[in-house]
Amino acid sequence: MEPTDSLDELLTCRLGAGRRPVMPCTLVIFGASGDLTRRKLIPALFHLFSEKQLPNPFRIIGFARRDKTDTSWREELFANLEQFSRTKPVDKETWTAFARNISYHRGDLTDGSSYRSLKGLITSSGDPHLRANLLFYLAVSPSQFAGTVKHLSDTGLLTKNEGDAHWQRIVVEKPFGHDGASAHLLNASLTHHAHEKQIYRIDHYLGKETVQNILVFRFSNAIFEELWTRRSIDHIQITVSEQGGVGSRGGYYEEAGALRDMVQNHLLQVLSLIAMEPPVTLEDESIRDEKVKLLQSIRPMREEDVVQSAVRGQYFAGIVNGKMQTAYRQENKVSPTSNVETYVGLKLFVDNWRWSEVPFYLRTGKNLPLSASEVRIQFRPVPNVLFAAQCHHDLEPNAITLRLQPNEGIHLQFHGKIPGNSMELRPVRMRFGYDTEFGAHTAEAYERLLLEALAGDATLFIRRDEVEAAWKVVDPIRQCWTADPLSNREFYAAGTWGPEASDDLLGGSGHVWRNPASYP
Ligand code: BG6
């Protein structure tokens, strides 16, 4: 018999071999002085470069208002990399080789002449690919998305086409609009200058390994997908809890709140992958078609449904992880009378054949006891005979938990007999952990996302109809909440699992929240 390792090797199915090649190109980062650039984008590009995944030649141009030279920007980026890199210490030699591809362009996003000089810089490249294959990364404020794209188009740096020998693409950060109407306008304005296929709307959750694994788990294993319907599943819980508060982002958060910041994008994306129908192929459009259909099947909430099925909360001072946290209303740049929610709990229904009447409970919040994201698939209870008849409520239904982060893994809970002469049962777990199975794998979501955008694969990005469908789910909730100030029951102490009302959300159906464990 073959040793296990070589057997695993033989059985590995390498889909990546079919990945589109990444052509030599220029990446322009608008918002080069910003947080995202230094914390995420440059470290991700550096790691892709170290792993020889970037094309050769390759050029990065940072565009921002501050006065810097190529050398001073590189020095700044290096200092930041030493702080934010996922591998430390940073290899100096690799950095020097990487930094040769980086330059800085001082410019004002609202000034046409800045784009003309940018064009001069890009066209000065000796390599025709660097002049014509262009990825524009908009790491700027959402109010600047439309204007920047218009300028790029006016200057001739961006041409609307589906991509031929050469290509130009735009990567847009979230939030994409602040409601359905504004997202629609923004879409109209971007697609006036660029084809939909040239627009890559980011949701960094889709770059996470465990989120990508949802489709693999569902559609490469016969045993789970057979059970993935209302016939076997009682309800589904999606929890994205964060120990941190809003920190220095109070100004942004006052505009966003948890509903726009987390639910409209990350939680609904996870829900759509968990619940969508099998796509026709693994092509980006096939997968996105199914996600859109799923989002469109979510039952819209009327005003009376919001009262029953949507819970919001805001944290007041409390202890998280042994440390006192201030109340949201006392955070920097937050109004002392703010009604913005830092917690959301929802009970949603997907009105289609597969999921009819199965509740999907979603929740997310800041300053909760633990940072953990997971999806719990809770199966129907066994019939009330034999063990169930004797154990009554002590017999837990089976559950599959997909732990998205941290301690990434999947576990299945079922019952076992406790060894001994008496007949005692308790839940036991069968666990697959990424770390034990694959060793440390730490690639950041942004590495994968940048690579896919460079390769022109849009699977992990949000399509126009998808973003608008997601807004349709959250808009009615937002409208009801905006009209009403928070009541006393809607506050929760930092370090607890949200407001009291969040338990009532499930209680009516006899369900309870399953809080993620600190280690599953
Ligand atoms: C961002 C939100 O999109 O996601 C933040 O704006 C949130 O408020 C973050 O903290 C969570 O991401 P992650 O990858 O840490 O789960």
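Of the strands (runs of 3 or more DSSP E) lying entirely inside the stretch 323-442, those containing at least 1 residues that are more than 22 Å from residue 217 (Cβ to Cβ) and within 29 Å of the chain's Cα centre (by Cα) are 323-325, 343-349, 359-365. Scanning the stretch 186-195 finds one or more residues that are over 23 Å from residue 133 (Cα atoms), away from the ligand (no atom under 15 Å from the Cβ) and small (Gly, Ala, Ser).
Pairing residues of the stretch 259-271 that are more than 13 Å from residue 177 (Cα to Cα) and touching a residue at least 60 places away in the same chain (Cβ under 8 Å) with residues that are within 11 Å of the ligand (Cβ to nearest atom) and acidic (Asp, Glu), at Cβ distances under 7 Å and at least 6 apart in sequence or on separate chains, gives 266/203; 269/203.
The number of residues in the stretch 231-241 being within 16 Å of the ligand (Cβ to nearest atom) and over 21 Å from residue 320 (Cβ atoms) comes to 1. Residue 166 passes every criterion in (1) away from the ligand (no atom under 16 Å from the Cβ); (2) under 30 Å from residue 358 (Cα atoms); (3) assigned to a loop (DSSP other than H, G, I, E, B); (4) not acidic (Asp, Glu) apart from (2).
Taken together, the residues in the stretch 384-398 that are closer than 17 Å to residue 511 by Cα and either of a type in the set (D, E, K, R) or exposed (fewer than 10 other Cβ atoms within 10 Å of the Cβ) (or both) amount to 4. The criterion of at least 1 residues that are away from the ligand (no atom under 13 Å from the Cβ) and in contact with a Cys (Cβ under 8 Å, 6 or more places away or on another chain) is met by none of the helices (runs of 4 or more DSSP H) wholly inside the stretch 242-303.
Checking each residue in the stretch 464-511 for being part of a helix (DSSP H, G or I), under 30 Å from residue 381 (Cβ atoms) and in contact (Cβ under 8 Å) with a residue 12 or more places away in the chain picks out 473, 501, 502, 504, 505, 506.
Note on the stretch 219-230: among residues that are part of a loop (DSSP other than H, G, I, E, B) and in contact (Cβ under 8 Å) with a residue 12 or more places away in the chain, the one that is nearest to the ligand (Cβ to nearest atom) is 228. Return the pairs, sorted by first residue and then second, in which the second residue is away from the ligand (no atom under 16 Å from the Cβ) and in a helix (DSSP H, G or I), the first residue lies in the stretch 194-216 and is of a type in the set (Phe, Trp, Tyr), the beta carbons are less than 7 Å apart, and the residues are 6+ apart or on different chains. Listed by first residue and then by second, the contacts come to 200/453.
Every number here is computed from the coordinates shown, using simple stated rules; none is lab data. Predicted model only: the values in this text are computed from it and were never measured. Counting neighbours? That spans all protein chains shown, and the Cβs are built from the backbone with ideal geometry, glycine included.
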